[in-house]
1. Tell me, please, whether a residue that is within 30 Å of A:Q162 (Cα to Cα) and either crowded, with 17+ Cβ neighbours inside 10 Å or at pLDDT 90 or above (or both) can be found in the range B:98-110.
2. Considering only residues that are touching a helix residue (DSSP H, G or I) at 6+ places or on another chain (Cβ under 9 Å), under 19 Å from A:T85 (Cα atoms) and hydrophobic (A, V, I, L, M, F, W, C), which ones fall in the range B:26-69?
3. Are there any pairs, at least 6 apart or on different chains, whose C-beta atoms fall under 6 Å, with the first in the range A:33-61 and more than 8 Å from chain B (Cβ to nearest Cβ) and more than 14 Å from B:S61 (Cα to Cα) and the second in a helix (DSSP H, G or I) and basic (K, R), and if so, which?
4. Looking at A:A33, is it part of a loop (DSSP other than H, G, I, E, B) and either farther than 21 Å from A:K157 by Cα or at pLDDT below 95 (or both)?
5. Looking only at the range B:1-21, which residues are farther than 21 Å from A:L144 by Cα and in contact with a Ser or Thr (Cβ under 8 Å, 6 or more places away or on another chain)?
6. Name the single residue that is surrounded by the most Cβ atoms within 10 Å (Cβ to Cβ) among those in the range A:63-80 being under 23 Å from B:D42 (Cα atoms) and facing chain B (nearest Cβ under 7 Å).
Amino acid sequence: MTTLEQKPTRGEGRKDPWSQLLVKVGKSQDRQAYHALFEHFAPQLKYYAMANGMASHAEELVQEVFVSIWRRACLYDWQKAAASTWIFTIARNQRIDMLRKMRRTSAEMQVETEDLWQIPGEDENEPVTSLHRLMSERRVRESLRHLPEEQITVIAKVYMEQKSHQMVANELNIPLGTVKSRVRLALNKLKVILQDQNV
Amino acid sequence: MTRHHPESLTLMEFSAGNLSEPHALCIRLHLDECSLCRSRVDTLDSLGAVMMERQPKVSVSESMFESILAKIDSSPSPQHTAKTSPRISVLQKLLGDDVNNLPWKRQLGDVSVLDITEKFPDQNEQVVLQKLVSGGKAPAHTHRGNETTIVLQGAFADQKGVFNQWDFVVLTDQDEHKPVAVGGEDCITLSVLSAPVKLTGIFTRMLNPFIR
């Protein structure tokens, strides 16, 4: 349909449908693609906003995220992150931003949210480690399939409900050490744990 | 090449967006110089995306897409709003000057400090820069609560090892140490102190990792 699919590369087959749509939005402001992304991601994002205590601002968050997707899509590089990962980081930053603004009393913010939490692929000049990154997303999805539910529950509370490990422990009524070891087991499968780290 | 990295659980909390700004700053400064941890965070960001995908979906109001379109149509086209300017390091943005030129306050002997807590309003953590002159020693001390430190310049050594530029270290109240600045440069660190601050006052409560 558009010109961007013309040049198949070795990694082309790895581009998932959502990433393809997002590329179209970035390259040609394709509104149909944008709408398809909206249909798929907006209900996820709304749940995300509600789960972490922003129920009264849930739709506002979804809206802000989508406006931001439109504006930044030209910076999106599918070789650096899958669309779902890219959108997750935008949503996370939007949430942090909204909370910062609500909390703000008088003082100016010296450091912006995005100085601290980056969107993958932006402001980066490193040689493309793309295959590694894309595999990482596939690997995550694949690994999660084999994780025990108790590990996933703990991780979900950290990501979706913004709970600290201590809060998760209190809520599930299990020791903090148990929470941490569940997370470590999961992260070990995902190869996030460093071999020599004495934790 | 840094050798001391943040714990995986801390990186996960960073990726989830659950860390305070000062703690996120320590992680950011480390990530900017450590490709190993950047790729760990990439994986964790993907984990966040996959977790979001596995959750229930909540339908949005009928008119939302229309209002989004209205919003994007009323603002400049994407290319003009996209950020293209080169990135200024977050540290420079925060401090406005080279770390060596700051209004350091001499404390004891070889140690100087600069409290920058006020740059992070609405936080209950203390954020401080500390400088140990090249070859200088800090008196032995312990810590109260958790203190997260990143080395911004030079290096220090204590009984746990040598901590070079961009190394990341978390000390707890179990750790007693006696750091020495090694190498030719003054050692400058940024520390975030999570324990409540007011109780002991600024002079008795001096700072980690050099002094308390």
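1. no
2. Residues satisfying the conditions are B:L31, B:C37, B:V41, B:L44, B:L47, B:A49, B:V50, B:M51, B:M52.
3. Note: pairs meeting the criteria are A:A33/A:K24.
4. No: the conditions fail for A:A33.
5. B:N18, B:L19
6. Filtering the range A:63-80 for residues that are under 23 Å from B:D42 (Cα atoms) and facing chain B (nearest Cβ under 7 Å), the one surrounded by the most Cβ atoms within 10 Å (Cβ to Cβ) comes out as A:F66.
The values are calculated or read from the model by the stated rules, or taken from the named source; none is laboratory data. Please read all numbers here as calculations on a predicted model, not as lab measurements. Backbone-built Cβ (ideal geometry, glycine too); neighbour counts: all protein chains shown.
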